[in-house]
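The values are calculated or read from the model by the stated rules, or taken from the named source; none is laboratory data. Since this is a predicted model, take the numbers as computed values, not measurements. Every residue, glycine as well, gets a Cβ built from its backbone with ideal geometry; the counts of neighbours run over all protein chains shown. Surface accessibility is based on the protein's heavy atoms, side chains included, excluding ligands, DNA and RNA. Shrake-Rupley method; radii C 1.70, N 1.55, O 1.52, S 1.80 Å.
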Amino acid sequence: MHKIPLIELKDIKFQYRRGTEPLFEGLNLSISENEFVGIVGETGVGKTSLLYLINGVIPQFYTAKVLDGEILYKGKPLGENALGTISQEVGLVLDDPEAQLFNLYVKDELAWGPENLGLTQDEIERRRQEATERFQLQDLYNRTTYGLSGGEKQKIAIASVSTLYPKVMMLDEPTSGLDPSGTELVFDAVRTMAKKLDMTILMVEHKIEELADYCDRMILLKGGKIALDLPPDQFFEEADTLGQSGILPPQVTRLGQNLRKKGFNIHPPLNLSQAVPLFTNLLGPNDRNWKSDNLTDKRNDIDPLVTINDLVFGYNKHVKALDGITLSLNQNEFACIIGQNGSGKTTLSKCIKRIVKPPKETIFVNGKDIRDFSSRELAQTIGYVFQNPDHQLFKDDVASEIEFGLKNLKMPKAERKDRVKDTLERFNLWDLRKVHPFRLSRGERQFVALASVYAMEPTLLIADEPTTGLDRISADKLMRELQAINKEKGVSVVVITHWIQLAAEYGERLIALHQGKVLLDGDPRSTFSQAKELAKTNVRPPQITQLCDNLRINPLPLTLKEAEKAIISILNQ
Amino acid sequence: MLLYEFSIRKSFLSSLNPVTKIVVALFYVILVLLAPLDYYMIIYFLIPIIIIALFGKIWPWEYIGFILLLLPMVVALLLLQVFFFAGEPYLPIEIELLSQLFGEPFILNLSLAGVSFGLSLGIRIMAMAMAFSMFVMSTDPFDIGHALHNIGLGFRASYMVGFAMRLFPLIQEELNNIGNAAEARGYPSMFSLNPINMLRGLVVTFVPLAVGALKRGTQMALAMEIRGYSLPEQLGIDRTYMKEVRFRKRDWFIVIIFFASWFTWIAWRINTFLTLGI
């Protein structure tokens, strides 16, 4: 007998009420029970909208100009059921955990959904306790929702939806902005929940390596249709199609694929646990040392620009966000600050920019105490790109936005005009110069924010998680621009990031913070070589570096190219 | 502590029913409005601070920022009264620059009585604000909604009351972030002591704050809907409450003590008014 799919989308055509063209046209998708399905695609392709269609958010909450085709759940249309009713079958976790926690206490948040269903107090308590155990929330149970870390908030958001006992759980970028340990925690919790409750999972995510590790099936959304729908190993074989959407297979998979192209008889692995035995066999007993001319430490030990002496800072007297930071940031340097959520990365950068007031005589920029800078001098010397671009866009069009800072610096009009023009051209924003910044995509808004700070020609540019919410293509574009600013203009750049591959590829220096202290500070190779110390920060080296570290390859490769070269070199010995 | 953020600590004050606290706060405000405008007004300002400290375990230095925020208004009131209050004694001050400009002595009569009146007026406003702070700082915002639901308001409307108060510190935090971002690009700080700069700093935050609030509000509304916020009304079912907000003996005790004191005070005021005509 033919088994009815749990969810079926047939020939869907959809256009938002204010959309200029259809987002989906002829989209077909079928999901079976107990599957873990990963959905990927470039930014703006409609991944979130697909989830909204499945559980009725479109057209019930967001209206449609065009919506044709059939959306079936267990062979029947979900129809006009209330969203709350649908959520008991198809739950949805949104990408912003802040927006999903509206109660004061964690325990109240867990009970809120079942309370709305009018269940008995005993049943609600049972569900609440079950979710607490499943997601290991015992320590958080009595805490307030706004005092939690990003990972904890996301875990609560997922647990709160799970208490509705949906058959299908859809998650929209649940690990965005989380450090690696937070990411792993969320993925593990979702998998455990899915197994225990016989749940089907649909997850939209940019973190390909984790998806590859957890999914049964992966879907690529492209051009309003499902372009690929395959198990992970076959999915990543379609490198060309994925590349067009800016999707890169996991590093170990790409390493396997590249070596296979060069004639090695290997089946590309999907994750680290498959890769280690595979490459151990491949390398055999060969000496794992290799030589390369191009491996130089990238750090420039030249004149210090910022000197920080024993910086201790806390938002209240009970908790020290920074606990004795001593370091220098050098001229013309590209440094990345890494560390788990809450390690003090943003606080440190805010102290340097004096967004929060550090104690006197703890931070010096070009030998002058940061506390003695005038506001204008500070704005001119240190540029700061905030994590959320929407917090730093004030004007009605892109050109005025770039001009905003220059006006504040009282720059003469003619000079200002030239500077705005140069900046617009440099960042490819000329065609968008008259567009309202809030009409742009997140990636474009982040570029406008960066361009606005760049135009002020600071000596030091700090970017706080500038790639949050961006796909790999946009993230690379932004990091390349920061690199160019550093190389061409001699601006010292400090990037705070959780995206460790980007830190490894672009950073000349990594500063790892842990509990408000500098735990590691050096070039990426030496930092990643200290695996035990690094583990304290819950930050893991890039997948390829972890693999090479496991294989005891020396010196330790940081990028895919280096790893490939190292393995070929070792095999040719 | 952010302005009007609920202070999370167990105390006698936090254990009271929100209705008790709001009624007490409201009637305290009436009492402050009826009190004579003199230097004794400072006592009416200090009473809520002492109650918050003793029974709410929230110390003044934790909300000093809120008190400081009220100061510009007090100063403005004071200046208004000093310049425009009609009452003796006056302190004549000659503004030499203007005297030279007009060719005759330019004398400004500053009212010393206005100083006393202006200060009392400012402290009265601070005392009223503290009365409401006593309520807000010691009350779980959702308990307010729950209490309103208990006295007949529908769930959706009553929940929104609590939710709005929960949102207040979030918006305030967002405002701080946006203000910091503007200042980082050389714009005047909204925390500036210069009132013009402060105003400019505030105005520039309007668009990003509104856009942020709209986005977050939409996301929150969606998140609430998909967790069944409208279900009780749509399906006509009774919503379950895990937490009970009841009017207990201690609430009755406070209400009785407070109103006994309140009426005694009113009686004393009427008596003073009738006998002394003040």
If I take R0 = 60 Å and measure r between the Cβ atoms of A:V356 and A:Q244 in this structure, what FRET efficiency does the formula 1/(1 + (r/R0)^6) give, to the nearest 0.05? 0.85
Spin-label zone in the range A:430-450 - amide nitrogen under 15 Å from a point set 7 Å from the Cα of A:E488 along the C-beta vector: A:430
Can you return the aspartates and glutamates within cross-link range of B:K57? Criterion is Cα-Cα under 16 Å, with same-chain partners fewer than 8 residues away left out. B:E5, B:D140
Give a residue-ordered list of calculated ³J(HN,Hα) values for the range A:44-59 (Karplus: 6.51 cos²θ - 1.76 cosθ + 1.60, θ = phi - 60°; whole Hz; x for Gly, Pro). x, 7, x, 5, 5, 4, 4, 5, 4, 5, 4, 9, x, 4, 9, x
A:Y16 long-range amide H proximity, modeled H, under 5 Å: A:L23, A:K65
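For the range B:140-253, what is the relative contact order in percent, using Cα pairs closer than 8 Å and at least 6 residues apart in sequence? Intermediate results must be reported in sequence, preceding the final value.
On the way: 72 pairs, mean separation 22.5, N = 114.
Normalised by residue count, the contact order of the range B:140-253 is 20 percent.
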Relative to the isolated chain, which residues of the range B:235-274 have their accessible area cut by 50 Å² or more in the presence of all protein chains (1.4 Å probe, heavy atoms, no ligands or nucleic acids)? B:R239, B:T240, B:M242
Suppose the chain between B:S192 and B:L79 were pulled fully straight at 0.36 nm per residue; how much longer would it get relative to their current alpha carbon spacing? 38.7 nm
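Quote the FRET efficiency, to the nearest 0.05, computed for A:E377 versus B:T272 with a Förster distance R0 of 56 Å and r equal to the Cβ-Cβ distance.
Values: r = 60 Å, r/R0 = 1.07.
In this case the efficiency is close to 0.40.
Work out the FRET efficiency for A:F264 and A:R480 from their Cβ-Cβ distance, taking R0 = 30 Å, and round it to the nearest 0.05.
Numbers: r = 31 Å, r/R0 = 1.03.
Taking R0 as 30 Å, the efficiency between A:F264 and A:R480 is 0.45.
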Where does chain A land at 222 nm, in deg cm²/dmol rounded to the nearest 500, when only DSSP H runs of n ≥ 4 count, each adding -39500 (n - 2.57), divided by all residues? -11000 deg cm²/dmol
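Tell me, what is the percent relative contact order of chain A, built from C-alpha pairs under 8 Å that lie six or more residues apart?
Details: 1075 pairs, mean separation 80.6, N = 573.
Reported as a whole number, the value is 14 percent.
Direction-averaged shadow area of the convex hull around the Cα atoms of the range B:140-253, nm²? Before the final figure, lay out each step's value.
Details: hull surface 42.2 nm².
Over all viewing directions, the range B:140-253 projects a mean Cα-hull area of 10.5 nm².
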Can you list the residues of the range A:81-98 with backbone N under 18 Å from a point 7 Å past the Cα of B:E233, pointing along Cα to Cβ? A:81-86
³J(HN,Hα), Karplus 6.51/-1.76/1.60, whole Hz, each residue of the range B:35-50, x for Gly, Pro: 5, x, 7, 9, 5, 5, 4, 4, 5, 5, 6, 6, 4, x, 4, 5
In the range A:406-510, the trypsin sites (Lys or Arg not before Pro) that fall in loop regions by DSSP, at most 13 other Cβ within 10 Å: A:K410, A:K434
Just to confirm the filter: which chymotrypsin sites (Phe, Trp or Tyr not before Pro) across the range B:119-216 are DSSP coil and have at most 15 other Cβ within 10 angstrom of their Cβ? B:F191
Report the longest stretch of chain A that contains none of the GluC sites (Glu not before Pro) sitting in a DSSP loop with at most 13 other Cβ atoms within 10 Å. A:81-360
Sequence-distant lysines (8 or more away, or on other chains) whose Cα lies within less than 28 Å of A:K74: A:K3, A:K10, A:K13, A:K47, A:K65, A:K167, A:K195, A:K196, A:K222, A:K225
Euclidean distance between Cα centres, the range A:410-460 to the range B:116-161, Å: 45
Cα extents of the protein assembly as shown along the principal axes, largest first, in whole Å, come to 108, 72, 51
Leaving ligands, DNA and RNA out of it, work out the accessible area of A:I355 with a 1.4 Å probe and give it in Å² to the nearest 10. 30
Taking amide H positions as placed in the peptide plane 1.01 Å from N, state which residues far from A:T200 in sequence (5 or more) or on other chains have amide H under 5 Å from it. A:N34, A:V168, A:M169
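Using Cα pairs under 8 angstrom and six or more residues apart, how large is the relative contact order of chain B, in percent?
Taking the mean separation of contacting Cα pairs over the length of chain B, I get 23 percent.
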Chain B: longest segment with zero exposed trypsin sites (Lys or Arg not before Pro), where exposed means DSSP loop plus at most 14 other C-beta atoms within 10 Å, is residues B:11-242
In Hz, Karplus ³J(HN,Hα) per residue of the range B:257-266 (6.51, -1.76, 1.60; θ = phi - 60°; x = Gly, Pro): 4, 5, 6, 4, 5, 4, 5, 4, 4, 4
Computed about the Cα centre, the charge dipole of the range A:304-522 from +1 Lys/Arg and -1 Asp/Glu charges at the Cβ has a magnitude in debye, to the nearest 20, of 560
What distance in nm separates the two pseudo spin-label positions at A:S292 and A:Y146, each 7 Å out from Cα along the beta-carbon direction? 4.8
Computed magnitude of the charge dipole of the range A:444-573 (debye, nearest 20; Cβ of K, R +1, Cβ of D, E -1): 320
Only protein chains counted, 1.4 angstrom probe. Which residues of the range A:143-170 are at least 10 Å² less accessible in the assembly than when their chain is isolated? A:T144, A:Y146, A:S160, A:V161, A:L164
Those aspartates and glutamates that a straight Cα-Cα span of less than 12 Å connects to A:K477, excepting residues fewer than 8 apart in one chain: A:E444
Given q = 0.09, 0.10, 0.19 Å⁻¹, what are the Debye log10 I(q)/I(0) values for the range B:1-139, with equal point scatterers placed on the Cα positions and solvent ignored? -0.38, -0.45, -1.04
Dividing the Cα radius of gyration by the Kirkwood radius, what Rg/Rh value follows for the range A:394-504? 0.96
List the residues of the range B:183-206 for which accessible area in the full set of protein chains is at least 10 Å² lower than for the chain on its own; 1.4 Å probe, protein heavy atoms only. B:E183, B:A184, B:R185, B:G186, B:Y187, B:V204
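Over all distinct alpha-carbon pairs, what is the Kirkwood Rh of chain B in angstrom? Can you show the working numbers first?
Working: mean 1/r = 0.0445 Å⁻¹.
The Cα-based Kirkwood calculation yields 22.5 Å.
For chains B and A, what's the summed buried accessible area, probe 1.4 Å, to the nearest 100 square angstrom? Spell out each step's value before the answer.
On the way: alone 17370 and 25730 Å², together 38130 Å².
Counting protein atoms only, the buried area is about 5000 Å².
Please get the size of the charge dipole for the range B:26-135, origin at its Cα centre, with Cβ charges of +1 on Lys and Arg and -1 on Asp and Glu, quoted in debye to the nearest 20. Before the final figure, lay out the partial values.
On the way: 2 positive and 6 negative charges, 116 e Å.
Roughly 560 debye for the range B:26-135.
Exceeding 18 Å between C-alpha atoms, which entries from my cross-link table qualify? They are A:K360/A:K410; B:K21/B:K249; A:K207/A:K350; A:K350/A:K517; A:K357/A:K407.
Check vs 18 Å cut-off fails for A:K360/A:K410; A:K207/A:K350; A:K357/A:K407.
State whether the range A:304-522 is rounded, prolate or oblate according to the following rule on the C-alpha gyration tensor (a ≥ b ≥ c being the square roots of its eigenvalues): a/c under 1.5 gives rounded; otherwise a/b larger than b/c gives prolate, and the remaining case gives oblate. Could you put the intermediate results ahead of the total?
Details: a/c = 1.82, a/b = 1.43, b/c = 1.27.
Here the range A:304-522 falls in the prolate category.
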Along the dipole axis of the protein assembly as shown (charges at Cβ: +1 for Lys and Arg, -1 for Asp and Glu; origin at the Cα centre), the most positive-end residue among B:N150, A:N286, B:M198 is B:N150
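How much area per residue is accessible in chain B when the probe is 1.4 Å and only protein heavy atoms are counted (Å²)? Working shown, then result.
On the way: 14780 Å² over 278 residues.
Heavy-atom accessible area per residue stands at 53 Å².
With a 1.4 Å probe and every protein chain left in place, work out the accessible area per residue of chain A in Å², rounded to a whole number.
On the way: 23350 Å² over 573 residues.
I get 41 Å² per residue for this part.
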Would you pull out the residues with amide H under 5 Å of A:A463's amide H, same chain only if 5 or more places away, H placed 1.01 Å from N? A:V385, A:V494, A:V495, A:I496
Tell me which of A:V93, A:L211, A:L228 sits at the most positive position along the dipole axis of the range A:7-249, charges placed on C-beta atoms (Lys, Arg +1; Asp, Glu -1). A:V93
In square angstrom, rounded to the nearest 10, how much accessible surface does B:F263 have for a 1.4 Å probe? 120
How large, in percent, is the carbon and sulfur part of the accessible surface of the protein assembly as shown at a probe radius of 1.4 Å? 56
